[in-house]
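The values are calculated or read from the model by the stated rules, or taken from the named source; none is laboratory data. Just so it is clear, the model here is predicted, and its values are computed rather than measured. Neighbour counts run over all protein chains shown; Cβ positions are idealised from the backbone, glycine included. These area figures cover heavy atoms from the full protein model, side chains too; ligands, DNA and RNA do not enter into them. Shrake-Rupley method; radii C 1.70, N 1.55, O 1.52, S 1.80 Å.
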Amino acid sequence: MMFKRRDGFVRLARACGLVAMGTAFFLPISLYGISVYDEGFMTTGAMVLKHGALPYRDFLSMYGPAQYGLTALLFSVFGEALLVTRVAHAAILSLAVGTVFIASRLSTGERRDAVVAAAAFTAAVLIAHPNVGYPAVTATPLLMVEAWLFSRWTETHQIKQLSYASLLAGSAGLFRWDFGLFGLAALSLSSLALITMRGKWSRSLLVRTQLGAMMPGAAMLLAVYAPLLLLGGLQRWYTEVLRYYLFEFKDWRSIEFVRPTYWRLIGGLRTGDVLSVFDAVADLLYVAVPIGSVVGGVILAGLRLARSGRKEDGEPRDRQAALVLILSVLCLFLLSQMRVRPTMSQGFAALMVSVPVAAYCLRALKRATAMNLFLQAALTAVAYGLFGVATTLASQQYRRASTGVYFDDANPRATWVRMPTGDAHDDTYKQLIRHVREVTKPGEPVFSGALDMSRLFINDAMLYFLADRPPAVRNFELEPGLANTPGGQRDIVEALESKRVRTVILFDISTDEPNRTSTSNGVHILDLFVRTHFRETRRFGAYSVWMRGSDE
């Protein structure tokens, strides 16, 4: 017993050491740059949550409550600073690489293949540079652990293993409600597939399995979301989140990705621009690897499971194929994130779960071509060539992040954050933050909006956090299709009037994306209100500061 405890302690210490080293490795890239919108509304949401606000009731959230809660907890322990969220982000990325390594080791049965898969994913992380605080980055490793627990169930046949996997899916759903549904659906479908592969199966076994796969995670989601949605209003959540996500989001945020990237690749080949070619190849791989992995994983795992021997109770023995099957189903669901904006950020989760599947497929392909030296050499050359592309771009990103200049060490909320060298935006943005702090009092609400609300693209939600001033409006994350509608603009006007807000900061930003944000929707209610009751007092680059008139 003593030796077992000692071994457990050694393994835990080794795991903690690896996570610490991974955190140190990812920290430079995590400290680089500021995302004024995505990271901004997450940090601001955590800031207001820490002071008693609730998601859905007191502020708009497209995601689950857990990322706000985790960030608020870290703020409570370590203080409200971007450094805290950046270190946490680096640690989460380190854990993500760890889950990819473990899943790849299990799917291939080879440590060398798992090391290569983890290294390739590490390069992909450095290239993609996922946004700090993006809930998908936190939720996806939980889905990876869910898949691992599911694969154990194929060996133990204990319903409790499915229940544990279900709880992991529920935990992922607390960060992204859609990821929770994806996790539960993948668990249900995969367990159903494995059961029905046996020659004989009972209805009672099917019912027990499905209940074990669905109920624990569903109960967790219900326990957390039900009170929040009741407090915030079910109708409001349906309108702002579910209906918008399903039916309206594509009208306001859709972009093309594959075709422009393809032509960028062709242009780079014609001009001999090697880095442009590498960049285009990496972007295309972000789409191709998950899709190819889903197709290959489902076919290979399905065939292997169908041929596998069965235990007396009829469950397939092949844990590798079971893991690949559920990861492929998960990847299929996660690819839906790329249906509107097929970019690296939206494709990050699908790529993460597809890497162990891709490693499994490549291992199967190597076995199939074992007797053909030419095919083996070609496959190896292609694999190492793509790996070279990824590592080249990743090292370039890493060097850029490591040599950036510090943003504003005078602001305790922004210490250690680096920005691109020579970026003129840094100084003006830093001056803007200082000016807002000077003209307002601690705790005084301000509003950060867009100069032309009829062409709303994004707003600067990070300004609230860096200036340490609470948002005056409920929807500090200004979503086109919600905030720029007549009702949305009237809600903002009402909040500005009821709180007698003195300071408004407007961001002059537009886009030519092929969606409705590139044109005016003709609604200028908020624009007219600001220009009637406020006057522009200062301008900082793309930002203008408006103060309420003295006669108001």
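Condition check for Y68 on (1) open to solvent by less than 20 Å² (accessible area, probe 1.4 Å); (2) out of contact with any strand residue (DSSP E or B) (no Cβ under 7 Å at 6 or more places or on another chain): one failure, at (2). Looking across region 195-210, just one residue is open to solvent by 80 Å² or more (accessible area, probe 1.4 Å), touching a helix residue (DSSP H, G or I) at 6+ places or on another chain (Cβ under 8 Å) and modelled with pLDDT of 75 or more, and that is R208.
Each row is one residue, and each column tells you yes or no for (1) at pLDDT 75 or above; (2) over 30 Å from W252 (Cβ atoms).
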{"site": "G347", "(1), (2)": "yes, no"}
{"site": "R367", "(1), (2)": "yes, yes"}
{"site": "L386", "(1), (2)": "no, yes"}
{"site": "A394", "(1), (2)": "no, yes"}
{"site": "V405", "(1), (2)": "yes, yes"}
{"site": "K430", "(1), (2)": "yes, yes"}
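Taking residues in region 109-135 that are buried (at least 19 other Cβ atoms within 10 Å of the Cβ), and partners anywhere that are charged (D, E, K, R) and not in a helix (DSSP H, G or I), the pairs with Cβ atoms closer than 7 Å and at least 6 places apart or on different chains are P135/R176.
Among residues belonging to region 442-472 that are among the aliphatic types (A, V, I, L, M) and open to solvent by 10 Å² or more (accessible area, probe 1.4 Å), point out the one that is nearest to H51 (Cα to Cα). Of everything passing the filter in region 442-472, I458 is nearest to H51 (Cα to Cα). Within region 52-73, residues that are farther than 11 Å from F175 by Cα and assigned to a helix (DSSP H, G or I) reach partners that are open to solvent by less than 50 Å² (accessible area, probe 1.4 Å) and among the aliphatic types (A, V, I, L, M) with beta carbons closer than 6 Å, at six or more positions or on different chains, in the pairs T71/A46; A72/A46; A72/L49.
Residues are listed down the side, and each one gets a yes or a no for (1) of a type outside the set (K, R); (2) under 13 Å from S454 (Cα atoms):
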| position | (1), (2) |
| --- | --- |
| R474 | no, no |
| E494 | yes, no |
| E497 | yes, no |
| R502 | no, no |
| T511 | yes, yes |
| S518 | yes, yes |
| R548 | no, no |
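Which residue is modelled with the highest pLDDT, if the candidates are limited to region 36-61 and must be out of contact with any Leu (no Cβ under 9 Å at 6 or more places or on another chain) and open to solvent by 30 Å² or more (accessible area, probe 1.4 Å)? Here the answer is L49.
Looking across region 89-108, the residues that are open to solvent by 30 Å² or more (accessible area, probe 1.4 Å) and more than 19 Å from the chain's Cα centre (by Cα) come down to F101, I102, R105, L106.
Screening V87 on (1) touching a helix residue (DSSP H, G or I) at 6+ places or on another chain (Cβ under 7 Å); (2) not in a helix (DSSP H, G or I) shows it passes everything except condition (2).
The residue that is farthest from the chain's Cα centre (by Cα), counting only those in region 17-46 that are outside any helix (DSSP H, G or I) and hydroxyl-bearing (S, T, Y), is Y32. Which one of the conditions (1) under 19 Å from F26 (Cα atoms); (2) open to solvent by less than 30 Å² (accessible area, probe 1.4 Å); (3) aliphatic (A, V, I, L, M) does M144 fail to meet, given that it meets all the rest? Failed condition: (1).
For the residues L265, L181, L192, L222, the requirement of being modelled with pLDDT under 95, in a helix (DSSP H, G or I) and open to solvent by 50 Å² or more (accessible area, probe 1.4 Å) singles out L192. Taking the conditions (1) in a helix (DSSP H, G or I); (2) open to solvent by 30 Å² or more (accessible area, probe 1.4 Å); (3) over 22 Å from N475 (Cα atoms) in turn, L187 satisfies each one other than (2). Highlighted here are the helices (runs of 4 or more DSSP H) found entirely within region 424-533 that include at least 2 residues which are touching a residue at least 60 places away in the same chain (Cβ under 8 Å) and within 31 Å of the chain's Cα centre (by Cα): 424-439, 462-467.
The residues of region 71-86 that are under 17 Å from A401 (Cβ atoms) and crowded, with 20+ Cβ neighbours inside 10 Å, listed by number, are L82, T85, R86. No other residue among I299, I291, I255 is part of a helix (DSSP H, G or I) and either touching a residue at least 40 places away in the same chain (Cβ under 8 Å) or in contact with a Gly (Cβ under 7 Å, 6 or more places away or on another chain) (or both) apart from I291.
Report, by residue number, each residue of region 11-25 that is surrounded by 15 or more Cβ atoms within 10 Å (Cβ to Cβ) and either closer than 26 Å to D460 by Cβ or free of Cβ contacts under 8 Å to residues at least 60 places away in the same chain (or both). Listed by number, the list is empty, since nothing qualifies.
Selection over region 473-518 of residues that are of a type in the set (D, E), closer than 17 Å to V446 by Cα and surrounded by 21 or more Cβ atoms within 10 Å (Cβ to Cβ) gives a count of 1. If the condition is being part of a helix (DSSP H, G or I) and either of a type in the set (V, I, T) or within 26 Å of S35 (Cβ to Cβ) (or both), then region 331-346 contributes C331, F333, L334, L335, S336, Q337, M338, M344, S345, Q346.
Conditions (1) in a helix (DSSP H, G or I); (2) at pLDDT below 95; (3) farther than 30 Å from L305 by Cα, marked per residue:
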{"residue": "T99", "(1), (2), (3)": "yes, no, no"}
{"residue": "A120", "(1), (2), (3)": "yes, yes, no"}
{"residue": "V132", "(1), (2), (3)": "no, yes, yes"}
{"residue": "V137", "(1), (2), (3)": "yes, no, yes"}
{"residue": "T140", "(1), (2), (3)": "yes, no, no"}
